[in-house]
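Visitor: Below you will find the structure I want to go over with you.
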Amino acid sequence: MKKTVAFTGMLTSAAAVLGFIIVGMFSTDISLAQDQDQATAVAIFTEHECQGCHSVQIAKIDLDIGDLEPDEIDEDAPDLSAVGLVHEIDWLKLYLKKKNKQNGEKHEKKFRGTDEEFEVLTNWLVSMKTEVETKK
Ligand code: HEC
């Protein structure tokens, strides 16, 4: 008898868990999707060592030079919290592939991730539209 109770109990909680998973899978919550894009973009940004030169204060990304050598970083690189106020996505895409210039120079780093990563990253960058007081 005891065993049966325990077993039914297990079944009930398993069903509850499954229920949550299914609800989670089918809820097309747009803000959730945006949060995920944001998290993915931040991961791409940090993986590609953009953080060695740029902070994005509005997304709580501080400079982190990680394993980079001093000659691989540039202290004059701007914080990117307001980059969406300054540039259009098409311009950014060219710039980050070193196909156009700003102030007479190409960007210091060419983006070498996948096309999919590039889409997420550049869409996220142009959504940065908050002027912040930079620490510099
Ligand atoms: C070696 C240092 C360095 C790294 C690494 C670097 N950048 Fe930059 N980036 C710069 C500098 C310096 C500028 C400013 C150039 C200028 O204003 O002429 C800049 C400019 C930019 C701009 C335009 C900012 C503006 O307001 O005009 C964007 C966007 C940008 N970088 C994104 C990235 C991304 C994304 C990565 C990672 C894939 C990255 N950067 C990696 C140094 C770097």
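Visitor: Taking Gln57 as the residue in question, decide whether it is farther than 15 Å from Lys129 by Cα and not acidic (Asp, Glu). Spell out how you get there, then give the answer.
Guide: On the way: farther than 15 Å from Lys129 by Cα: no; not acidic (Asp, Glu): yes.
It is false that Gln57 is farther than 15 Å from Lys129 by Cα and not acidic (Asp, Glu).
Results for (1) within 20 Å of Gln38 (Cα to Cα); (2) more than 9 Å from the ligand (Cβ to nearest atom); (3) surrounded by 14 or more Cβ atoms within 10 Å (Cβ to Cβ); (4) in contact (Cβ under 8 Å) with a residue 40 or more places away in the chain, shown as yes or no for each residue.
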| site | (1), (2), (3), (4) |
| --- | --- |
| Gly52 | yes, no, yes, no |
| Asp67 | no, yes, no, no |
| Leu80 | yes, no, yes, yes |
| Val83 | yes, no, yes, yes |
| Lys93 | yes, yes, yes, no |
| Gln102 | no, no, no, no |
| Lys109 | no, no, yes, yes |
| Glu117 | yes, yes, yes, yes |
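Visitor: Report whether or not Val132 is within 19 Å of Gln36 (Cα to Cα) and in contact (Cβ under 8 Å) with a residue 12 or more places away in the chain.
Guide: no
No lab work stands behind these numbers, since they all come straight from the coordinates. Remember, predicted model here, so these are calculated numbers, not experimental data. Reconstructed Cβ throughout: ideal geometry from the backbone, glycine too, with neighbour counts over all protein chains shown.
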